[in-house]
Every structure is written in structure tokens, then in C-alpha cells.
1. Among the numbered criteria (1) in contact (Cβ under 8 Å) with a residue 12 or more places away in the chain; (2) within 15 Å of the chain's Cα centre (by Cα); (3) assigned by TED's automatic domain parsing to the domain that holds residue A:188, which one does residue A:147 miss?
2. Among the residues of the range A:152-184, count how many are part of a loop (DSSP other than H, G, I, E, B), of a type in the set (S, T, N, Q) and away from chain B (no Cβ under 14 Å).
3. Condition test on residue B:238, is it buried (at least 16 other Cβ atoms within 10 Å of the Cβ) and more than 26 Å from residue A:175 (Cα to Cα)?
4. Just to verify a result, which residue in the range B:143-194, among those that are small (Gly, Ala, Ser), in a helix (DSSP H, G or I) and over 21 Å from residue B:244 (Cα atoms), is farthest from the other protein chains (Cβ to nearest Cβ)?
5. So which strands (runs of 3 or more DSSP E) are wholly in the range B:215-330 and hold at least 1 residues that are in contact (Cβ under 8 Å) with a residue 24 or more places away in the chain, away from every other protein chain (no Cβ under 14 Å) and of a type in the set (A, V, I, L, M, F, W, C)?
6. Within the range A:201-223, identify whether any single residue is within 26 Å of the chain's Cα centre (by Cα) and in contact (Cβ under 8 Å) with a residue 40 or more places away in the chain, and answer yes or no.
7. Every residue in the range B:240-257 that is at pLDDT 90 or above and touching a Phe, Trp or Tyr at 6+ places or on another chain (Cβ under 7 Å), please.
8. Hey, among B:263, B:211, which residue is surrounded by 14 or more Cβ atoms within 10 Å (Cβ to Cβ) and within 30 Å of residue A:41 (Cβ to Cβ)?
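The values are calculated or read from the model by the stated rules, or taken from the named source; none is laboratory data. This one's a predicted model, so the numbers in the text were calculated from it and none came from an experiment. No Cβ is skipped: glycine too gets one built from the backbone with ideal geometry, and neighbour counts run over all protein chains shown.
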Amino acid sequence: MRRRLALALLVACAVAPAAAAQSGQVAHGKELFGRYCLSCHGANGAGIQPPGTGKGYGPSLQGVGALAADFYLRTGYMPLRRVPEQPRRSRLLLSPGDIDALVAYVASLASGPAVPDPHPEQGSLAEGQKLFTDHCSGCHQVVAAGGYLTGAVAPSLDRATARQVAEAVRIGPYVMPRFTEKDLSPHQVDSLVRYIEYAKHPDDRGGWAIGRVGPVPEGLVTWFLGASTLVGVCIVIGKRLSRG
Amino acid sequence: MGKARDFLISGLVLLLGRRRRRVRRGERERVVVPEAPRNEGAELLAVFLLLASAACAVAFIVVYAVDSLPGHTQLLGLSLGLAFCFLAAALIVTGQRLVPNEELEDKYPEREHEAEQELVVQVIEESGLTRRRLLLGALAASGGAIGLALLTPLASFGPALRVSRFYRTPWSRGRRLVDEHGKPYRASDIEQDNFYTAFPEGADKEDFASPLLLVRLPTDRLQLPPENAGYDVDGIVAFSKICTHAGCAITLYRAPLFQPNEPPPALVCPCHYSTFDPSRGGTVTFGPAGRKLPMLPLEVDRVGFLLARGNFDEPVGPSWWGVRLKEPTT
């Protein structure tokens, strides 16, 4: 009995400060939210439908969970510079501690998905490439270099961390499709991330990669080399004729 | 048609007339100088090379016609490349060893030896006259074959008459939609903001009209035109995956996260950015595509599997001259 009491006391001592710290973090997050996010996402993150309050409008954040907040804040997608604009990767305006607080606050609004924890080393590179060509390369290109579709830009994934990729797959930021766990299991996401990590530094079996800028510049280089060679051959032939 | 025939006949007559004028009987007998020593080896070599070039060009046409060969592209390149190589070699041999090279050392004389000048003209005309015809024949064969080979790819611009197969699709009422592994799709598998590729159950996946795009839209956002009314199942709409512009596979789907400040849902072709609006029955909203994406009417069976409720409302694939003449058939 005494031992059990001691144990309970010990647990209480360990948990209480943690819980207090957490609620403190949420309070700090709420303050930051009021300062930076409220004008578009509304009180308690309920969202503001257009035309909005005059300062902007934005979707509800209730239920998006820590996952979405972590993604948008750590990529610099949020805060948005102007409202009807595609979020782009940009300089982080908040300190990591502030971001933690905001993530905790958004997660506390309603129950939502937690931040994923991908393990690319457990994925398969071959499966990742297949999944990437099936689901992602239409917009992001097969080496994850990014691309275009009408009205939006598919960003290059060269700066996306494993966690950000795992988050983006579930969110579908901007006009990207969204993939649930039924569409892509966590293990498949591991494989995808492994392929994306590989695609940051692919081995160029073809030789000279010239920055992997695509077939048109590669063709131009070929033309340049080929044309120079032809001119050289012409000069050699011309010399022989004039001598003879 | 009649005009073309007139052109052909007049061209033939001109050609024959010219030839007859050139080879006059009388001139043959008035040969003034003995023929230059014949370089038979070089002559034969040149003729052989020219014929080899013609053979390679013919081989190009044959390879082009026979699609099923392994390494088709490489063989095409090889045959055309060899045709040009042989032609070049033949011209080199002809230029180096067969065409008489004479250098004029003195000035042209005054025009006082009219008769001699005529003689020289005749000498030049007669030198190599006999072998010239053989060589010219071989050269014409080579040039003609290469010309034909270069014109062969015109056949790829499209069929002229046999287009009935373009209207045929593997879709018909009651055919189930399956994924790439052959597993049938349930209506509940199709989630909003994602897109799926489906095929007809038991049909050839490689068939042009087989692949489908499946997306689910919120039913209140669906604004199908009257002719496509009822094509959806609970917001699930199906379109041909083949772009109506150049026949690429449509692989881009715009699925906005927050409608008010993002572009609306769209199917985008990665080749030339033709953009189709799935909520309006696949109408073109941007890009070079000339007509809407073919839409397939859907229904769902008692178990919940997705079925086709008929055929596409438009012929599948890039447009051709008769695209609006008929409806797709099974």
C-alpha cells in the first residue's frame, strides 16, 4: 500500500509539470494565434469565409490537427503574404519555440491527426519510385524537381524533409490531391520518402547531367558539339582539297 | 483528281520527250575521240553503293510498315543512316575516280576555231556517256528510294479511310470498373480530392479507350450539362484518361483544399496543359484541346461496385476528320 502510494506520488510529480508546461505552451500559442493568424482563420480557428473581414479569409483549422500546423509553419507556407496566392516555401518568421506553441494550440482546437513520423530507411526505394511515378510525378516530375499545372506551381521537393513529405501527402496543400491511409499506407509513405531523398542526389548513369535541366538544353549542347565537329571536318576537308 | 492526272501525264510526256531528244542515233556514230580508259572497278563500286543505298532506303520503308520488330526505332535510324552513308560513299567514289578532272592552263582562245570548239563540246558530252546512263540510273534509284523513305512518315499523320475502329471502345452497360491490378472499385473507395485510374473488367488495358479517370466531387458543386445529367454516382464522375488534343494520358488533378482562394478542381494534361472541368462534364477551360473529355455514365450495383451504364458520350482520343460523325460503339 505504502509502496503504491509512493509510486502514485512519483507519477504525479512527473506528470504535473509536463501538463502545466503543455497548457502553458497552448496559452502561448493562443496568444501568437491572436497576433498573427486570427485575421484570416478567425476566432478559435473557426475560419472566415470570403469576402472576409477586410483583412482576409481562410479555412477553418478545427480538426486539421498538429500535422497541418506543423507542415504549414515549418515550411514557411504560412503566414501567407497575400491572401489569394499559392503558399510558397519561404523564410520562417517565427522561432522554433513559437512554432511549437502554435502547433500545440492548433492541435488543441479539436482532435486531429498528429505529426507523422516517417522512417524512410524502412521503405523500399523501388516501391517508392513506382509509387512516385504513379501518384506524384504527373506534377512534381519524376526526379521531384517540380513542375507546373494551369493556375498553380508544383514545388520542387529538394528542400522537403521526410516529415514534410509525409505531412503534405495527407493534407494535399493548395491544389494537390490528398492521399488517405487507405490510398497510401504509412509504409508506402516511407518508401515514397526514401525515393524522394534519393531523387535529391540521383546517380547520373547517362554521364554528364548538365544540371538535369531537361531534354531541350541537352539537345542544344548536342547541337553545339555536333555543329562544331562538322565545322572542324569541313575545315579539314577544305584544306586537303586546296593542297591537292 | 482530274487535275492531278493531267499533271502526271504531262510530266511523263515531258520526261519521255526529253530523253528521246538526248539520245539521237546519228550522234553515236560521229564519235571523235576514243573513250577514256574505263575504270570499271570504280564504276561497279559506285553503282553497287548506290543500289545499296536504295536498298537501305527501301528497308526503312519496310521497317516503318512493320511495327512489331524489336528495336524498331534503332532499326529505323540504322536503315536511313546507312542509306545516306552509302549515297555519300557513292558520290565520293564518283567524284574522285569517275568524273574526269581536267585543268585549263591557258586562257580561252579567241573565238576563231568555231569548229574545234564544237568538237570540244562534243568530247565533253561524249566522255562517259555510256557509263553515265548506268550511274544516273543507279543514282535515280538511290535518290528515289531515299525520297520515298523520307515521305513514308507522312503515313503517321493519320488514317485516311479506316477510322471505324476509333469509335470502338471496350465499355458497355454493366461492365465493372477495376483498378490496375484487376480489383473492382467500390463507390466507397473513391475519396474526395484524390483521383483514380480505372479500367474495364476483363478488357485489354492497353486499348486506347480503356483507361478512365475517376474523381469524386461534392454533389452540390456538380454542374453537369443537360446531356450528361445523371452520369455521376453520388458525385463520382468518370472520364477517358486520354486527352482529346494529342492523346497524352491526363495525370494532373487540381484538387483545391480551400475553394474560395484556390483554382477550382480540374483535370490537366501534362503535355500541353489542356485543362478540363470535371464538374461541368469535362468541358475545356484552358489549352489547345478542341473538344470536351469523353464522359462515361456510371451506376452502382447492389453490392456497391461501380459499373458503366453505357458508353462514352464522345469518341475517345485526339480528334480526326470524322470525329463528330458517329457515336462510340462497343
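1. (1)
2. So the answer is 2.
3. On the way: buried (at least 16 other Cβ atoms within 10 Å of the Cβ): yes; more than 26 Å from residue A:175 (Cα to Cα): no.
Taking the combined requirement at face value, the residue does not satisfy it.
4. B:144
5. Those strands (runs of 3 or more DSSP E) span B:236-240, B:298-300, B:306-308.
6. Checked the range A:201-223: at least one residue is within 26 Å of the chain's Cα centre (by Cα) and in contact (Cβ under 8 Å) with a residue 40 or more places away in the chain.
7. Once the filter is applied, which keeps residues that are at pLDDT 90 or above and touching a Phe, Trp or Tyr at 6+ places or on another chain (Cβ under 7 Å), the range B:240-257 yields B:240, B:242, B:253.
8. Of the residues listed, the single one that is surrounded by 14 or more Cβ atoms within 10 Å (Cβ to Cβ) and within 30 Å of residue A:41 (Cβ to Cβ) is B:263.
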